[in-house]
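Okay, structure first, notes after.
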Amino acid sequence: MNGLRYLCALSLSCLVWVSVPGDARAAEPPSLEALWQIVQQQQAQIETLTQALDGARAQIANTEQRARITEEQLDLTAGYLEKVDQGRGSGRASRTTLGGYGEMHYNNLDAEDSSRDLKEVDFHRFVAFVGHEFTDRIRFFSEVELEHSLVQDTADGSSGGEVEVEQAYLEFDLNESLTARGGLFLLPIGILNETHEPNTFYGVERNEVESIIIPSTWWEGGAALSGHYSNGLSWDFAVHSGLETPTSGSSAYRIRSGRQKVSNASADNLALTARLKYTGVPGLELAASVNYQDDASQIGGDGLEDGTLVSVHGIWSRGPFNLRALWSQWNFNGDAIELADADRQTGWYVEPSLRLGRPAHDWGVYSRYQDLEGARAQDQFDQWEVGVNYWPTGNVVLKFDYRDRSHDLLSAQDRDFKGIDLGVGYQF
């Protein structure tokens, strides 16, 4: 090895000596040790340059690989978006939704006065939903209903049915927890007023407390704000058109007859609705609502002035067991309504139920007791009810129930009845 080093050094020394000018050759050639140091330095430089070149090549290869992966991801994303676009359709149609619900009833009721017996079949409601999402934060929702299957003039001047726009409003997400509404919307009161599709409640007919005291379905025109939070607490506040409750005739002071349905509605006196709801515990819902009418008849000096509705309810679900309870009361001011003993109208009900076999081929049994004190004699009664719901699928329901109603006032006891109801309903 030492001989090889000596030979390399000697060769390099000769090359250097030959390559220099003639005058410089006379100088003493470098020593072998000096030449060996030069060789080692050059070798180190070569190794450093080689390592740098290998690193650059690796970096270039890594960059090319990442570029290929990025290009493949872009191709996959473009293909996915194209498929989604083809599946949804194009443009505005992809943001429009359709839906609806309906229900048909058979009633067979035997009254104390046989002239008041009821045996009939009625396609009670046919409803269509149309919604549209303009942006991720702005949307529209509407509901059109045909009641009793047919609208036509009859011999007694009645129409026999109604076509109604029950909802038509714009909704704006102001931020993650605050939403605004404007238009025609359902008031946030009670259990059924906002959620009343036939597959969502027991009984062929809707309960009377949320029909006579809370005049469901109750909608008004106005503006509303809603707040909802992750702890289960939510609130609603609305300013809207008010009631136009009659003060004379067979429907005097009957709340349900005071709904204007936003059809050229008198707006001399607006109304307010507020609700606080809590759903922070699984299976539990607690809510309280207040509705204030500045003038419940829209006519000053007629003996019916302001009125306030307070409603509270609770829903508790644990496994197949469910319990619903609701209490509502109106308090009115005015000489005429106080004289008619209709200034306080109240009602409550309690409904335990048991549902088994969900989600398909699902049976449910329930019992309901309700007590009412409305404005009219026929609206003051208590009623027991038991029945069965069968859901062959979640959005289709078949119903059967038995009812026993007893009126409080002697003048209305000929209306006492016992009977059965059958129903079929759907939602999509």
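Taking the range 338-352 on its own, how many of its residues are among the charged types (D, E, K, R) and open to solvent by less than 50 Å² (accessible area, probe 1.4 Å)?
Here the count works out to 2.
For every residue, the table says whether it meets (1) farther than 29 Å from residue 258 by Cα; (2) modelled with pLDDT under 95; (3) β-branched (Val, Ile, Thr).
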| residue | (1), (2), (3) |
| --- | --- |
| 368 | no, no, no |
| 377 | no, no, no |
| 387 | yes, no, no |
| 394 | yes, yes, no |
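Look at the range 183-207 and say how many of its residues are under 17 Å from the mean Cα position of the chain (by Cα) and in a strand (DSSP E or B).
Residues flagged as under 17 Å from the mean Cα position of the chain (by Cα) and in a strand (DSSP E or B) within the range 183-207 amount to 3.
So in the range 382-417, with the set limited to residues that are among the basic types (Lys, Arg) and more than 13 Å from residue 371 (Cα to Cα), which one is surrounded by the fewest Cβ atoms within 10 Å (Cβ to Cβ)?
Checking each candidate, the answer is 415.
Which of the residues belonging to the range 292-328 are among the aromatic types (Phe, Trp, Tyr) and under 25 Å from the mean Cα position of the chain (by Cα)?
The answer is 316, 321, 327.
Out of the residues in the range 261-289 that are assigned to a loop (DSSP other than H, G, I, E, B) and without any contact (Cβ under 8 Å) to a residue 40 or more places away in the chain, which is surrounded by the most Cβ atoms within 10 Å (Cβ to Cβ)?
Of everything passing the filter in the range 261-289, 269 is surrounded by the most Cβ atoms within 10 Å (Cβ to Cβ).
Pairs needed: first member in the range 295-308, more than 15 Å from residue 339 (Cα to Cα) and open to solvent by 20 Å² or more (accessible area, probe 1.4 Å); second member anywhere, polar (S, T, N, Q) and in a strand (DSSP E or B); C-beta distance under 9 Å; at least 6 residues apart or different chains.
306/293; 308/291; 308/293; 308/329; 308/331
Looking at the range 315-325, which of its residues are surrounded by fewer than 18 Cβ atoms within 10 Å (Cβ to Cβ) and more than 17 Å from residue 208 (Cα to Cα)?
315, 316, 317, 318, 319, 320, 321, 323
Can you report the number of residues in the range 370-412 which are β-branched (Val, Ile, Thr) and out of contact with any strand residue (DSSP E or B) (no Cβ under 8 Å at 6 or more places or on another chain)?
Residues that pass the stated criteria total 1.
Run down 220, 171, 210 and say which single residue is over 17 Å from the mean Cα position of the chain (by Cα), surrounded by 18 or more Cβ atoms within 10 Å (Cβ to Cβ) and assigned to a strand (DSSP E or B).
Only one candidate passes the filter, namely 220.
Looking only at the range 166-201, which residues are more than 29 Å from residue 389 (Cα to Cα) and among the β-branched types (Val, Ile, Thr)?
Within the range 166-201, just 179 meets the criteria.
The values are calculated or read from the model by the stated rules, or taken from the named source; none is laboratory data. Computed from a predicted model, the values in this text were never measured in an experiment. Because the Cβ atoms are built from the backbone with ideal geometry, glycine has one as well, and the counts that use them run over all protein chains shown. Only protein heavy atoms, including side chains, enter the accessible area calculation; ligands, DNA and RNA are left aside. Shrake-Rupley method; radii C 1.70, N 1.55, O 1.52, S 1.80 Å.
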